[in-house]
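Handing you this structure, nothing more for now.
The values are calculated or read from the model by the stated rules, or taken from the named source; none is laboratory data. Worth saying up front: this structure is predicted, and the values here are computed from it rather than measured. Because the Cβ atoms are built from the backbone with ideal geometry, glycine has one as well, and the counts that use them run over all protein chains shown. With ligands, DNA and RNA removed, areas are computed over all heavy atoms of the protein, side chains included. Shrake-Rupley method; radii C 1.70, N 1.55, O 1.52, S 1.80 Å.
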Amino acid sequence: MNKQQLASKIWESANKMRSKIEANEYKDYILGFIFYKFLSDKEVGYLKGLGYTEEDMPSVTEDEAEIVENVQNNIGYFISYNNLFSTWLSKGNDFGVADVRDALSAFSRLINNTHKKVFEKIFDTLQTGLSKLGDGAGSQTKAIKDLIHLIQDIPMDGKQDYDVLGFIYEYLISNFAANAGKKAGEFYTPHEVSLLMSEIVADHLRDREEIKIYDPTSGSGSLLINIGKSVAKHMGDSDKIKYYAQELKENTYNLTRMNLVMRGIIPSNIMTRNGDTLEEDWPYFDESDPIGTYDPLYVDAVVSNPPYSQNWNPSDKEADPRYKSYGLAPKGKADYAFLLHDLYHIKPDGIMTIVLPHGVLFRGGEEGAIRKNLIENNKIDAIIGLPANIFFGTGIPTIIMVLKQKRTNTDVLIVDASKGYEKVGKNNKLRASDIKRIVDAVSGRKTIAKFSKVVSRDDIRKNEYNLNIPRYVDSSEKPESWDIYASMFGGIPASEVAELSAYWDAFPHVKKAVFTDSEAEYLHIAPGNLKDVVLSHSDTIGFTDAFRSSFDSFGTYLYSELIDKTNEIAIPNEESILTADIFRRLQNTPLVDPYHAYQILDDNWTHIATDLEILQTEGFDAVRVVDPHMVIKKKGNEESEVQDGWVGRIIPFDLVQEIMLTTDLDKIKEIETRLAEIASEYEELLDELPEEEKEKDFVNEDKTAFVPAEVKKALKAKDEESEILAILKRFDGLSTEEKEQKKALKEKSAALELKTKKTIEELTDEDARRLLNEKWIVAMVRDILAMPSTIIGEFVSKLEALAKKYETTFEDVETETEATENELCSMITQLAGNEFDLKGLAELQKFLGGE
């Protein structure tokens, strides 16, 4: 299984196993055990590096002072053999909840003093929560055994240098967040929002050799880690990044530390605190030497997603250096208190990004005064309006505010990104193209119609420091309007045709071909099929040809980048390289949105990157590996994992069949086609039966299908009329054929699966590269080359909509209405009735305009 499949399998099982335990609580248990496994496997790896064999492991005990000290000095903690995760698994039925309690207690005792800050009390949440996994020791033991067997396949031994563990950890946190309702905000910032903030920060810090980053409301630590990953792409040495995190809730604080440690961040680069950020600021000092170690915290970047509009205590904080220059946030809304805390801790050349509720842009009172001070002191760099319903547990509109201590410019970039998203379940989600569009606008400080605007400080002053986004950026769609003249007399207003100016600029001669009077105030569609006129025009053909010419070598370029250099690719940076190439090719191409092309790349990049990670880790022979396809099947009340065929580790079976085993595949498709035809013939036979015959036993109660056993009885008895017997005989023949075809399908499918397995296992390097090209490149190039057709299709649709809008004039409607009234009047004269009926009909005739 690749990392997505493994993460999905663990999540599905964990979600079932948690039963009635809240998702918000259960996450602490499974993530705690994953972390314990990580520490345990890390120690085993270290010992094996020293020459220890499996046979030597039982000698690793607390009694052996020398090895205890050695392990502690090198990895920061010590776990004896009896408490290793692998030992728990090997104990089988002898394992119990007491083993876990003993192990966690021993771990706390055996942390090296140099690593206390990182590991002390890190398992407290897990230790105190064990009792919630069952009513007694027996049920608790079963729940724990299920958990540790579930996570035993997560690789943590260093052989896979891609971030499988980190991916699974993040995947589980995000899924628990999606199921945790309002409590999700306490520990998780959606990955896409985190990535957006990360890219903005990374762009600002791209030239630095050493970096300090800080999240004062760190939650699970995912936001901080994503910032580090984005920054590291520009630095090369991730060990030059120092991470500072503070979190109020102890269980969430433990998640932060676990997450940071499991990402391979060295302990000396991890500085964490469990405390109230607003009440306990971070001038750092070691409690054993407060004067000698005093070090006020100033960092290169602060990122945060604090709790929205929560209560806080501003009493006695007037002199607090964080707030004294700007003002105190109101007691009932701590949003600006968090913002000012963050701002205080960035260096003069630093940057901060913070997620806040939309209200901070326009609320008055103390917040209005703080906002004015921030603007006049030139701290606010950018404001980004996010889509509603983007965070788990809340649908309120939110923004990201970007601030800097020192700026050369005095304007503010305002971005309305509220319209760019996709719907995923109950939530909205930023797509990769949405994120890139925002980041490019921010880094380039671009004014883009209906999206972003660089606003001068004078304009903000004129608006009395109200930063509400619609005051500066109007992203609304133009309302539908109707031209009175065109509605009365026909024709399409030239002003509405001019709204398609981008198309007329790209297709300068199409206008004359589409309209009979292209320069008039009111235009008319030329005779002929509008779609055919546009599609066959030399301008649109030339547009498509020019686009294709720009991407003529794209497939070859991708092959050289991805397949020729498989082992050399720096995977985290490669998508950016490919993106730059796509944007370069589209530089002078009208109408095409390069971000749409980028989205096509990103949609394909996930599986390409996963394959590359496997190839770089396991070698090119991984293309020839076939794994058992494991599925969960239920038998009675028990679920078990069983094999259901095979699956290629990298090369999909269906791709091999389509490219290399087409004859075998075609035979199967022929059978499937014939089976579909038989199903249709069954319906036709049923329709031929008289309705009274459908009441008989050879048709089911719903009258939707024949009953084969009863058909045979009827044929044997021969009591029916000859036509009915003929229908039943035809059904019986089809039924026999269907059974034969299904049997053949099963046999041929099984044979094809084994043949595909053998083909993959015996692939030549040349065939493997051909298949990788098909999987990674061909479909992506095809989707990009389809973009001109989509654009021209949208153009045609807009023209057709304009034509239809004014196709029928009010005069036409009046004429048609008059003709209908006259027809109705003439019909009324032919009606008969009593005295009162006739009087009523006569009055209706008058109403309709008749005599």
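This table checks each residue for (1) within 18 Å of THR256 (Cβ to Cβ); (2) open to solvent by 20 Å² or more (accessible area, probe 1.4 Å); (3) modelled with pLDDT under 75.
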site: ASN113; (1), (2), (3): no, yes, no
site: VAL118; (1), (2), (3): yes, no, no
site: PHE123; (1), (2), (3): yes, no, no
site: LYS132; (1), (2), (3): no, yes, no
site: LYS142; (1), (2), (3): no, yes, no
site: LEU165; (1), (2), (3): yes, no, yes
site: GLU186; (1), (2), (3): yes, yes, yes
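Can you tell me which residue is farthest from the chain's Cα centre (by Cα) among those in the stretch 265-315 that are within 22 Å of VAL231 (Cβ to Cβ) and of a type in the set (Gly, Ala, Ser)?
SER268
Report, by residue number, each residue of the stretch 802-835 that is under 52 Å from the mean Cα position of the chain (by Cα) and of a type in the set (A, V, I, L, M, F, W, C).
Across the stretch 802-835, the qualifying residues are LEU802, ALA803, PHE810, VAL813.
Answer yes or no as to whether PHE176 is farther than 30 Å from THR617 by Cα, of a type in the set (Phe, Trp, Tyr), at pLDDT below 75 and open to solvent by less than 20 Å² (accessible area, probe 1.4 Å). Outline the logic, then answer.
Numbers: farther than 30 Å from THR617 by Cα: no; of a type in the set (Phe, Trp, Tyr): yes; at pLDDT below 75: yes; open to solvent by less than 20 Å² (accessible area, probe 1.4 Å): yes.
When the stated conditions are applied, PHE176 does not pass them.
Name the single residue, out of those in the stretch 404-437 being under 15 Å from HIS191 (Cβ atoms) and either part of a strand (DSSP E or B) or among the aliphatic types (A, V, I, L, M) (or both), that is modelled with the lowest pLDDT.
ASN427
Assuming LEU340 fulfils every condition listed in (1) touching a Lys or Arg at 6+ places or on another chain (Cβ under 6 Å); (2) under 27 Å from LYS436 (Cα atoms) apart from one, which condition is it?
For LEU340, the failing item is (2).
Tell me, which helices (runs of 4 or more DSSP H) lie completely within the stretch 588-688 with 1 or more residues that are under 30 Å from GLU574 (Cβ atoms), out of contact with any Ser or Thr (no Cβ under 6 Å at 6 or more places or on another chain) and of a type in the set (A, V, I, L, M, F, W, C)? If you could, list the steps in order and put the result at the bottom.
On the way: elements: 594-618, 653-660, 662-688.
Those helices (runs of 4 or more DSSP H) span 594-618, 653-660.
Looking at the stretch 267-276 only, could you name the residues that are in contact with a helix residue (DSSP H, G or I) (Cβ under 6 Å, 6 or more places away or on another chain) and either over 21 Å from ASN112 (Cβ atoms) or open to solvent by 40 Å² or more (accessible area, probe 1.4 Å) (or both)? First the steps, then the outcome.
So the first thing to find is which residues in the stretch 267-276 are in contact with a helix residue (DSSP H, G or I) (Cβ under 6 Å, 6 or more places away or on another chain), and the list is 267, 270, 272, 274.
Within the stretch 267-276, PRO267, ASN274 meet the criteria.
Only one of (1) modelled with pLDDT under 95; (2) of a type in the set (Val, Ile, Thr); (3) open to solvent by 30 Å² or more (accessible area, probe 1.4 Å) is not met by ILE727, so which one is it?
(3)
Here is a check on your reading of the model: is ARG437 open to solvent by 20 Å² or more (accessible area, probe 1.4 Å), basic (Lys, Arg) and touching a residue at least 40 places away in the same chain (Cβ under 8 Å)? Full working, then the answer.
On the way: open to solvent by 20 Å² or more (accessible area, probe 1.4 Å): yes; basic (Lys, Arg): yes; touching a residue at least 40 places away in the same chain (Cβ under 8 Å): yes.
Answer is yes for this residue.
How many residues are part of a helix (DSSP H, G or I), surrounded by 14 or more Cβ atoms within 10 Å (Cβ to Cβ) and in contact (Cβ under 8 Å) with a residue 24 or more places away in the chain when one looks only at the stretch 88-100?
Filtering the stretch 88-100 for residues part of a helix (DSSP H, G or I) gives 88-94, 97-100.
Add one more test, that the residue is surrounded by 14 or more Cβ atoms within 10 Å (Cβ to Cβ), and what stays is 88-89, 97, 99-100.
Those still in the list that are in contact (Cβ under 8 Å) with a residue 24 or more places away in the chain too: 88-89, 97, 100.
Residues that pass the stated criteria total 4.
Any residue in the stretch 494-514 that is over 17 Å from PRO788 (Cβ atoms) sitting within a Cβ distance under 7 Å of a residue that is among the aromatic types (Phe, Trp, Tyr) and open to solvent by 20 Å² or more (accessible area, probe 1.4 Å)? List the pairs, counting only those 6 or more apart or interchain.
ALA494/TYR522; LYS511/TRP504
Give the stretch 521-546 a look and list any residue that's without any contact (Cβ under 8 Å) to a residue 60 or more places away in the chain and either among the aromatic types (Phe, Trp, Tyr) or open to solvent by 60 Å² or more (accessible area, probe 1.4 Å) (or both), or say none. Outline the logic, then answer.
Step one: filter the stretch 521-546 for residues without any contact (Cβ under 8 Å) to a residue 60 or more places away in the chain, giving 521-524, 526-529, 532-533, 536-539, 541-542, 545-546.
If the condition is that a residue be without any contact (Cβ under 8 Å) to a residue 60 or more places away in the chain and either among the aromatic types (Phe, Trp, Tyr) or open to solvent by 60 Å² or more (accessible area, probe 1.4 Å) (or both), then GLU521, TYR522, HIS524, PRO527, GLY528, ASN529, ASP532, SER536, SER538, ILE541, ASP545 are the ones that fit.
Out of the stretch 463-479, which residues are in a loop (DSSP other than H, G, I, E, B) and either of a type outside the set (D, E, K, R) or in contact with a strand residue (DSSP E or B) (Cβ under 9 Å, 6 or more places away or on another chain) (or both)? Before you say what the answer is, go through the steps one by one.
Filtering the stretch 463-479 down to residues in a loop (DSSP other than H, G, I, E, B) leaves 463-468, 472-479.
Within the stretch 463-479, ASN463, TYR465, ASN466, LEU467, ASN468, TYR472, VAL473, ASP474, SER475, SER476, PRO479 meet the criteria.
Something else about it: Search the stretch 710-725 for residues that are closer than 12 Å to ASP697 by Cα and pair each with any residue that is of a type outside the set (Gly, Ala, Ser) and open to solvent by 100 Å² or more (accessible area, probe 1.4 Å) when their beta-carbon atoms are under 6 Å apart and the residues are at least 6 apart or on different chains.
Pairs that qualify, where the first residue is closer than 12 Å to ASP697 by Cα and the partner is of a type outside the set (Gly, Ala, Ser) and open to solvent by 100 Å² or more (accessible area, probe 1.4 Å), are GLU710/ASP697.
Within the stretch 244-264, how many residues turn out to be under 26 Å from the mean Cα position of the chain (by Cα), surrounded by fewer than 24 Cβ atoms within 10 Å (Cβ to Cβ) and at pLDDT below 90?
Qualifying residue count for the region: 4.
Restricting to the stretch 193-224, and then to whatever is modelled with pLDDT under 95 and basic (Lys, Arg), can you tell me which residue is farthest from PRO348 (Cα to Cα)?
Restricting to residues being modelled with pLDDT under 95 and basic (Lys, Arg), the top hit is ARG206.
Does at least one position in the stretch 285-297 carry a residue that is within 29 Å of THR114 (Cβ to Cβ) and either part of a helix (DSSP H, G or I) or in contact (Cβ under 8 Å) with a residue 24 or more places away in the chain (or both)?
Restricting attention to the stretch 285-297, the residues satisfying the condition of being within 29 Å of THR114 (Cβ to Cβ) are 285-297.
Still in the running and either part of a helix (DSSP H, G or I) or in contact (Cβ under 8 Å) with a residue 24 or more places away in the chain (or both): 297.
Scanning the stretch 285-297 turns up at least one residue that is within 29 Å of THR114 (Cβ to Cβ) and either part of a helix (DSSP H, G or I) or in contact (Cβ under 8 Å) with a residue 24 or more places away in the chain (or both).
Before we move on, is ALA609 among the aliphatic types (A, V, I, L, M), over 36 Å from the mean Cα position of the chain (by Cα), open to solvent by less than 40 Å² (accessible area, probe 1.4 Å) and at pLDDT below 95?
Working: among the aliphatic types (A, V, I, L, M): yes; over 36 Å from the mean Cα position of the chain (by Cα): no; open to solvent by less than 40 Å² (accessible area, probe 1.4 Å): yes; at pLDDT below 95: yes.
For ALA609, the condition - among the aliphatic types (A, V, I, L, M), over 36 Å from the mean Cα position of the chain (by Cα), open to solvent by less than 40 Å² (accessible area, probe 1.4 Å) and at pLDDT below 95 - is not met.
May I ask you to list the residues in the stretch 244-300 that are closer than 19 Å to ALA337 by Cα and of a type in the set (A, V, I, L, M, F, W, C)?
Correct list: ALA245, LEU248, LEU278, TRP282, LEU297, VAL299.
From ALA786, ALA842, ALA768, which residue is farther than 30 Å from ILE492 by Cα, out of contact with any helix residue (DSSP H, G or I) (no Cβ under 8 Å at 6 or more places or on another chain) and surrounded by 13 or more Cβ atoms within 10 Å (Cβ to Cβ)? Walk me through how you get there before you give the answer.
On the way: ALA786 fails: surrounded by 13 or more Cβ atoms within 10 Å (Cβ to Cβ); ALA768 fails: out of contact with any helix residue (DSSP H, G or I) (no Cβ under 8 Å at 6 or more places or on another chain).
On inspection, the qualifying residue turns out to be ALA842.
Which count do you get for residues in the stretch 298-328 that are of a type outside the set (Ser, Thr, Tyr) and free of Cβ contacts under 8 Å to residues at least 24 places away in the same chain? Outline the logic, then answer.
Step one: filter the stretch 298-328 for residues of a type outside the set (Ser, Thr, Tyr), giving 299-303, 305-307, 310-314, 316-322, 324, 327-328.
Checking the rest, the ones that are also free of Cβ contacts under 8 Å to residues at least 24 places away in the same chain come to 311, 314, 316-319, 321, 324.
Of the residues in the stretch 298-328, 8 are of a type outside the set (Ser, Thr, Tyr) and free of Cβ contacts under 8 Å to residues at least 24 places away in the same chain.
Quick one: what pairs do we get from the stretch 42-62, first residue over 11 Å from TYR81 (Cα atoms) and assigned to a helix (DSSP H, G or I), second open to solvent by 50 Å² or more (accessible area, probe 1.4 Å) and of a type outside the set (A, V, I, L, M, F, W, C), C-beta under 7 Å, 6+ apart or different chains?
Cβ pairs passing all conditions: GLY45/ASP157; GLY45/GLY158; TYR46/ASN74.
Let me ask you something else. Scan THR544, THR579, THR566, THR540 and give me the residue that is closer than 30 Å to ILE227 by Cα and assigned to a helix (DSSP H, G or I).
After applying the criteria, what remains is THR579.
Take the conditions closer than 27 Å to PHE795 by Cβ, loosely packed, with under 12 Cβ neighbours inside 10 Å and touching a helix residue (DSSP H, G or I) at 6+ places or on another chain (Cβ under 8 Å) and apply them to PRO493. Does it pass?
Values: closer than 27 Å to PHE795 by Cβ: yes; loosely packed, with under 12 Cβ neighbours inside 10 Å: no; touching a helix residue (DSSP H, G or I) at 6+ places or on another chain (Cβ under 8 Å): yes.
So PRO493 does not fit the description; no.
Could you list, in sequence order, the residues of the stretch 825-838 that are out of contact with any helix residue (DSSP H, G or I) (no Cβ under 7 Å at 6 or more places or on another chain) and either surrounded by 11 or more Cβ atoms within 10 Å (Cβ to Cβ) or among the hydroxyl-bearing types (Ser, Thr, Tyr) (or both)?
Listed by number, the residues that qualify are SER826, THR829, ASP837, LEU838.
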